[in-house]
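Coordinate-derived values only; no laboratory data. These figures come from a predicted structure and were not determined experimentally. In this analysis, Cβ positions are derived from the backbone assuming ideal geometry, glycine residues included, and neighbour counts consider all displayed protein chains.
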Amino acid sequence: MGRLILAIALCVTLAGCPRWFVKADPVPAQCDAMCYVDDKTDEDSACASRAKWEGDPNDPAAIDALIYGTVPALRKETWTCGVRLKACQQCLERLKKAGVVQ
C-alpha cells in the first residue's frame, strides 16, 4: 500500500503539479497605452495620419507646401508609427514567452 502511494506521488510529481496547487504571479505587460488603441476609430492613435494637404494642384505655392510641408510630416508620422508598432510587437512577444497570451 505504501509503495502504491509512493508511486502515485511520483507520477503526480513527474507529470507536474495541478494548476490549483501552483498559482503564478501576474506578469506585468508594461505595454504602451497606444498598443491598445484601434487605429480605425480613434484620432489619438499613433498611426492615424494628421498630415493633410488641401491645395490647388495648379498653384505652385500649394505644390511647394505639399513637397516641403505635408510629405515630411507624413514621413515623420510613418517613422513614429513604425517605432511604436515594433514596441507593441516586442511587448506581445514577452507576454507569449511568459505564457500569458497565446
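Here are the numbers for the structure shown:
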{"item": "Pairwise centroid distance, computed over Cα atoms, of segment 84-98 with segment 58-75, Å", "result": "36"}
{"item": "Segment 52-58 - phi-based ³J(HN,Hα) in whole Hz, Karplus 6.51/-1.76/1.60, Gly and Pro as x", "result": "10, 10, 10, x, 7, x, 8"}
{"item": "Asn58/Trp79 FRET efficiency (R0 25 Å; Cβ-Cβ; nearest 0.05)", "result": "0.20"}
{"item": "Net length gained if the chain between Gln89 and Leu6 were fully extended (0.36 nm per residue, minus Cα distance)", "result": "25.2 nm"}
